[in-house]
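Heads up: the structure comes next, in C-alpha cells.
The values are calculated or read from the model by the stated rules, or taken from the named source; none is laboratory data. Bear in mind that the values here come from a model prediction, so they are computed numbers and not experimental data. Quick reminder, even Gly has a Cβ in these numbers, built from the backbone with ideal geometry, and neighbours come from all protein chains shown. Please note that ligands, DNA and RNA were not included when accessible areas were found on the heavy atoms of the full protein model with its side chains. Shrake-Rupley method; radii C 1.70, N 1.55, O 1.52, S 1.80 Å.
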Amino acid sequence: MAFRYLSAGESHGPCLSVIVEGVPTGLPLDAEMLAADLAKRQLKAGAGGRMAIETDRAEILAGVMQGLTTGAPIALQIVNKDHAAWKGREVPAYTTARPGHADLAACVKYGFNDIRQALERSSARETACRVAVGAIARQFLAAFGIKARSYVASLGAVPEAKVTEAEAFAFAETSESRAPSQAQEDAYTNTIHIAKSKGETLGGVIALEVTGLPVGLGSYVTPDRRLDARLAAAVMSVNAIKGVEIGDAFTGAATPGSELHDPIVRDETGAIVRPTNRCGGLEAGMTTGQPLRLRVAMKPIPTTIIPQKSIDLATGEAATTTYERSDTCPVPRACVVIESVVLIELATALMEKLGGDTLDEMLARFKTLPTPDTIRLSPASKIFWP
Ligand code: EPS
C-alpha cells in the first residue's frame, strides 16, 4: 500500500483539487488540521500580492466520516478566491518567455501560442495541494511519534547563523520568515525589503529534520526502493528547488572516509549507539533510526520586476520580460511544502513496512519494529537473529 495522490487545477482556475489514496481507516481528520499547515504556506515574509487575496482552506469532500478516515480515497478542494477577478475577463496573451520558468520549453513542447497555457499549471500555486496532502501524512505519522520541523538556514546572501539546530528549529516555529534566531529574522526581513524595493527576487536554503523514525524504512535491494533517492525526487519535484543535500553530503565529499562515517559503538550502559549523524539518518537507502536531516536549495523566483533578456515567442524578436505579480522570496513559505513532500514519502515508506488497513493494526505492528531504543542491547546480546 502506498500513500499516493494526484492533483489538478490552475493558478487562476476555480479551484485546486486533489485525491489522496492509501490512508488507513480510523485516522482523525478534519479541515482545521489541514488549515494549520496551509496557513504556514501563506506566511507574509517575502510573499507577493496573491497571498493577501487567498485564505487557503481544503474542504474534505470524500473519504472521511464522523471525523475519521474510511480507507476510501480522500477528495480535497481548495478554492482560488482570485478566480473571481479573472473570470470573464479578457486576459491578454503572455508571449515573452521568463528565463528560469517553464515558459520556453513548455511552448516548444506543447505547441502553445500563449505562455499562460503553461504558467497556469506550472505556477507554485499547486503546492497548496501538496501541503494539504502533507497535512494528512503529518497526522498519520504523528500517531507513531514521527515529526518534521524546518527552518530557513540562509536567505539570499545573508550568511548562516551560529546557533544550535535545537535553537534554530524552535525559534523558526514562531518566526514570520522561519528564521533560526532573532538576529537572522531581522537580517532576512531587511534583505527581503531591499530586494523588493529593487524589483529583485531571492532564493535560500531550507534545513529539515524528521525525528522518531524506526530503523529500516526503505531498502537497498532495488534502486527504486532506496529512500534517499525517493526523498530527493520528492523534494526536487517542488517548484524552484535546484538541490538537495542528505546529511553532510557536500562537506563529506571532501572528508576522508575514516573520519566521515558515523561510528557504531557501545555506550557506557552497553547500548549500541551512533554518537554522530553525518549520514543524515540514511545509510544505503534505509533509515538508521537517527533523525533524517536534509538541506534544500531554492532558486530565486524567475518572475522579476527587473526586466530580463528574452525573446517574444509571438514575433521571434528580442524582448525584455514583463511583470504581473510574484513573490520576492518564497523560501519561508516553502518550508512547509518541503516538510509536506518529505512526510508524504515517509508515510508511504512506513505503510510499506507495516502493511495493514486500520490505524490500530499499524500501531500494534509499529511497536514491534526496531528503533534506536530497542537496539540498545545489553553487552551480551547480538543484532543477528538467533
Ligand atoms: C502562488 C500563486 C501565484 C504566484 C506564485 C505562488 O499567484 P499569482 O500568479 O496570481 O501571483 O504568486 O507562483 C510562483 C511563485 C510561480 O513561480 O508561479 C501561490 O499560491 O503560492
_Suppose we keep only residues that are part of a helix (DSSP H, G or I) and β-branched (V, I, T) within the stretch 111-137. Which one would you say is nearest to T358 (Cα to Cα)?_
I136
*Quick one: what pairs do we get from the stretch 115-132, first residue at negative phi, second open to solvent by 30 Å² or more (accessible area, probe 1.4 Å) and of a type in the set (D, E, K, R), C-beta under 6 Å, 6+ apart or different chains?*
E120/E10; R121/E10
*Restricting attention to the stretch 32-48, which residues are open to solvent by 70 Å² or more (accessible area, probe 1.4 Å) and within 16 Å of the ligand (Cβ to nearest atom)?*
K44
*Go through (1) surrounded by 15 or more Cβ atoms within 10 Å (Cβ to Cβ); (2) within 16 Å of the ligand (Cβ to nearest atom); (3) among the β-branched types (V, I, T) one by one and return the number of the condition I306 breaks.*
(1)
*Matching residues in the stretch 121-168 - criterion: being in contact with a helix residue (DSSP H, G or I) (Cβ under 9 Å, 6 or more places away or on another chain), closer than 30 Å to A62 by Cβ and among the aliphatic types (A, V, I, L, M)*: A124, A128, V131, A132, V133, A135, I136, A137, L141, A143, I146, A148
_Only one of F144, F140 is in contact (Cβ under 8 Å) with a residue 60 or more places away in the chain, open to solvent by less than 40 Å² (accessible area, probe 1.4 Å) and in a loop (DSSP other than H, G, I, E, B). Can you tell me which?_
F144
*asked:* Restricting to the stretch 224-251, name every residue that is surrounded by 12 or more Cβ atoms within 10 Å (Cβ to Cβ) and either polar (S, T, N, Q) or over 24 Å from the mean Cα position of the chain (by Cα) (or both).
replied: N239
*Could you look through the stretch 49-107, keep only residues that are among the hydroxyl-bearing types (S, T, Y) and either closer than 20 Å to C129 by Cβ or open to solvent by 50 Å² or more (accessible area, probe 1.4 Å) (or both), and pick out the one that is farthest from the ligand (Cβ to nearest atom)?*
T70
*Pick out the one residue from A347, A319 that is open to solvent by less than 30 Å² (accessible area, probe 1.4 Å) and under 20 Å from R130 (Cβ atoms).*
A347
*Spans of helices (runs of 4 or more DSSP H) in the stretch 203-262 with at least 1 residues in contact with a Pro (Cβ under 8 Å, 6 or more places away or on another chain)*: 227-236
